[in-house]
Amino acid sequence: MQNNTYSLAIHGGAGTILRSEMTLEKEAAYKQALTTAIKAGEHILKQHGSALDAVEAAIVELENNPLFNAGKGAVFTHDETHEMDASIMRGDNLMAGAVAGIRNIKNPIHLSRKVMENTEHVMLCGEGAATFAKKMGFEFTPDDYFFTEQRHEQWKKAVLDDKVALDHNIKTDEKKFGTVGAVALDLHGNLAAGTSTGGMTNKKYGRVGDSPIIGAGTYANNLQCAVSCTGHGEFFIKAVVAYDVFCLMEYKQLTLEEACKIVVKEKLVKIGGEGGLIAVDKLGNISLCFNSDGMYRASVGSHQDLMVAIYGD
């Protein structure tokens, strides 16, 4: 099916993101990083490429940037390692792939796609995912690639306080959820979604959040929409957030914006869940919805100029 509309949205995390806490240099760096990522995805969509390829390309750019808690910027676990999660889904046939608790993989979103396209499974985790990555010819990136001073300082403070930190700032009382994600509608009328994260600072016991869980952190279905979430993963799992947006549209005939607002600003708030999501529907409408102070986000479309934003106002 040909379609004359493409749309793309990305996020780089949500939380207590305040102007008063941001230097002009850092704000400019975040905006530049978001612009670079969304342009990588849009270039593919403009060339009649697939939503899946656009989502993957945008997420790779975010994974490669140490500003975000995914890939290179992944936070430290309790054991001072990096355990990453990611997932990707296509809306035309509901194929999906995910990895959880993986280490030393530069771009977890690439591995998620390999799981989707080269196995009968949806999710691989830990050692098994590493074995599969080797079979697929992935190079394992040394630990020092993932080392950033800011993340290490965060980790030291979290260990000292004996807290699991949800932020990607040194102050553990300022919650920032550093997951990255992308959603797209291509000119063929197909939707796709993807999400990637380093999880929580000082996380223990192989903790996995919502990002690699289809229906919780990521969902795409051509019947209605594509969704990628960022926030306190435990709550997003309990509320099955990404799929709930789809359901409200499919069964209650709500618009994308209506569905996102009910899930993020009512349902999640009621259970204490903080964060947000990005979503695009089959018509190309985009929603960037969050209940926190801010969300690193950008969107663009064939009928919409590039928009990059950080704060809630």
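Residues in segment 61-101 that are of a type in the set (S, T, N, Q) and under 15 Å from the mean Cα position of the chain (by Cα): ASN64, ASN65, ASN69, SER87.
Hey, ALA58 hits all of (1) at pLDDT 95 or above; (2) over 18 Å from the mean Cα position of the chain (by Cα) but one; which does it fall short on? Among (1) at pLDDT 95 or above; (2) over 18 Å from the mean Cα position of the chain (by Cα), ALA58 violates only (2). Only residues in segment 53-82 that are among the charged types (D, E, K, R) count as the first member; pair them with residues that are surrounded by fewer than 24 Cβ atoms within 10 Å (Cβ to Cβ) and assigned to a loop (DSSP other than H, G, I, E, B), Cβ under 6 angstrom, at least 6 apart or cross-chain, and list the lot. Once the first residue is among the charged types (D, E, K, R) and sits in segment 53-82, its partners that are surrounded by fewer than 24 Cβ atoms within 10 Å (Cβ to Cβ) and assigned to a loop (DSSP other than H, G, I, E, B) give GLU63/ASN107; LYS72/ASN64; LYS72/PRO66. Scan segment 262-313 residue by residue and report those that are under 21 Å from LYS252 (Cα atoms) and of a type outside the set (A, V, I, L, M, F, W, C). If the condition is that a residue be under 21 Å from LYS252 (Cα atoms) and of a type outside the set (A, V, I, L, M, F, W, C), then LYS265, GLU266, LYS267, LYS270, ASP281, LYS282, GLY284, ASN285, SER287 are the ones that fit. If you go through segment 267-313 and keep only what is among the hydroxyl-bearing types (Ser, Thr, Tyr) and in contact with a helix residue (DSSP H, G or I) (Cβ under 9 Å, 6 or more places away or on another chain), you end up with SER287, TYR296, SER299, SER302, TYR311. Looking only at residues of segment 45-54 that are among the aliphatic types (A, V, I, L, M) and touching a Leu at 6+ places or on another chain (Cβ under 8 Å), we find that the one that is surrounded by the most Cβ atoms within 10 Å (Cβ to Cβ) is ALA51. Within segment 234-258, being within 19 Å of ALA96 (Cα to Cα) and out of contact with any Ser or Thr (no Cβ under 7 Å at 6 or more places or on another chain) holds for PHE236, ILE237, VAL240, VAL241, TYR243, ASP244, VAL245, PHE246, CYS247. The residues listed here are LEU268, LEU254, LEU283; of these, the one that is under 27 Å from HIS43 (Cβ atoms), of a type in the set (A, V, I, L, M, F, W, C) and either in contact with a Cys (Cβ under 9 Å, 6 or more places away or on another chain) or at pLDDT 95 or above (or both) is LEU283.
Taking into account only those residues within segment 280-308 that are hydroxyl-bearing (Ser, Thr, Tyr) and within 19 Å of the chain's Cα centre (by Cα), which is surrounded by the fewest Cβ atoms within 10 Å (Cβ to Cβ)? Out of the qualifying residues, it is SER292. In the condition set (1) in contact (Cβ under 8 Å) with a residue 24 or more places away in the chain; (2) within 21 Å of the chain's Cα centre (by Cα); (3) closer than 26 Å to GLY294 by Cβ, ARG19 is compliant with all but (2).
Considering only residues that are at pLDDT 95 or above and among the β-branched types (Val, Ile, Thr), look in segment 192-207 and name the one that is farthest from ALA96 (Cα to Cα). Once the filter is applied, the top-ranked residue is THR197. Within the set of pairs 6+ apart or on separate chains, which have a first residue in segment 234-261 that is touching a residue at least 40 places away in the same chain (Cβ under 8 Å), a second that is assigned to a helix (DSSP H, G or I) and surrounded by fewer than 22 Cβ atoms within 10 Å (Cβ to Cβ), and C-beta atoms under 7 Å apart? Listed by first residue and then by second, the contacts come to PHE235/ILE271.
When LYS39 is tested against (1) surrounded by fewer than 21 Cβ atoms within 10 Å (Cβ to Cβ); (2) over 30 Å from ASP313 (Cβ atoms), only condition (2) is not met.
The values are calculated or read from the model by the stated rules, or taken from the named source; none is laboratory data. Quick caveat: nothing in here was measured; it's all calculated off a predicted structure. In this analysis, Cβ positions are derived from the backbone assuming ideal geometry, glycine residues included, and neighbour counts consider all displayed protein chains.
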